[in-house]
Structure formats: C-alpha cells, structure tokens
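Colleague: Could you have a look at this structure, given as structure tokens, before my questions?
Every read-out reported here was derived from the displayed coordinates using simple, explicitly stated rules and does not represent laboratory data. Nothing here was measured: the structure is a model prediction, and the numbers come from that model. Counting neighbours? That spans all protein chains shown, and the Cβs are built from the backbone with ideal geometry, glycine included.
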Amino acid sequence: MKVAFSPAARRDRLEAMRFYMNASERAAAGFDTHLRAAVAFVLDFPNAGSPIDERYRHKPLTHYPFSVVYRIEDDTIYVVAVAHHKRESWRTRLR
C-alpha cells in the first residue's frame, strides 16, 4: 500500500501546522508526529478507520482534534482531508 494526499488535504495539513507553530514548535512537532502515526496506522490497517459512508473512512489523531479522512483505491490510501473535528467544510470533498 502507498499513500497519496489530495491538494486540499495538503493545504489542511499546512494550515494546521501553521496554527500549531504559532502556539509552539513543540505543538507543531507533536501534531506532525501524530498525523504521521495515524497515516502509518491506516497504511497497516486500511479498513480499521471508522466508516463515514460506503467509500470513506476516518482515523482520529491522538491528542489533537483532527482526523485523517481517506478512501481506499486499489493499492493506495487516498487522503482527502486532514479534518478538524469542529469544522465541516471538508465534507463537500466527499461528493
């Protein structure tokens, strides 16, 4: 399996990193570590994420209010959002 981030998911990640970097380098590094751990988990166990609908799943990050939203396509985990739990704008990407 391999992973691919959509351009929107990359923007989500950068926006979150900027936010946490403004708080502290430690917070930003922690976010990045937990994001990488969630993606690694999904790569190892693609069907373990909680279903959103028939195509999409999500894996929450530990200690941060974000989830990795993804779908499985052949041998690729396609990340469509790094979604903040209090924002719903990413849901339009699931259409």
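Colleague: Lys and Arg at +1, Asp and Glu at -1: add these up for the other residues within a Cβ distance under 15 Å of ASN47 and post the number. Show your work: numbers first, answer last.
Modeller: Values: positive: ARG55, ARG57, LYS59, ARG71; negative: ASP44, ASP53, GLU54, GLU73, ASP74, ASP75.
Cβ neighbours under 15 Å give a net charge of -2.
Colleague: Still on this structure: For THR76, what residues show an amide H to amide H distance below 5 Å, using hydrogens built from the backbone and excluding near sequence neighbours?
Modeller: LYS2
Colleague: Between the helical axis of 25-44 and the dominant principal axis of the chain, each derived from Cα atoms, what acute angle in degrees is found, rounded to the nearest 10?
Modeller: 10
Colleague: Right, next: What is the local net charge at TYR56, summed over the other residues whose Cβ is closer than 13 Å to its Cβ (Lys, Arg +1; Asp, Glu -1)? All intermediate terms of the calculation are to be shown ahead of the outcome.
Modeller: Working: positive: ARG55, ARG57, LYS59, ARG71, ARG91, ARG93, ARG95; negative: ASP53, GLU54, GLU73.
Result for the neighbourhood of TYR56: +4.
Colleague: Sticking with this one: Any chance you could run the full-extension gain for THR62 through PHE19? It's 0.36 nm times the residue separation minus the Cα-Cα distance, nm to one decimal. Numbers along the way, then the final one.
Modeller: Working: separation 43, 0.36 × 43 = 15.48 nm, distance 1.73 nm.
Net length gain for the segment: 13.8 nm.
Colleague: Also: Show me 71-81, 36-46, 85-95 ranked by packing, highest mean number of other Cβ atoms within 10 Å first. Kindly include the intermediate steps, with their values, before the conclusion.
Modeller: Numbers: 71-81: 16.5, 36-46: 14.9, 85-95: 11.1.
Highest mean packing first, the order is 71-81, 36-46, 85-95.
Colleague: Separation between the THR92 and ALA27 pseudo-spin-labels, each 7 Å from Cα along Cα→Cβ, expressed in nm?
Modeller: Computed distance between label sites THR92 and ALA27 equals 2.7 nm.
Colleague: Here are some values of Cα Rg over 2.2 N^0.38 Å: [x] 1.02; [y] 1.09; [z] 1.35. Which one was computed from this structure?
Modeller: Given [x] 1.02; [y] 1.09; [z] 1.35, the structure-derived one carries the label [x].
Colleague: On a 0 to 90 degree scale, rounded to 10, what angle separates helix 7-23 from the longest Cα axis of the chain?
Modeller: 20
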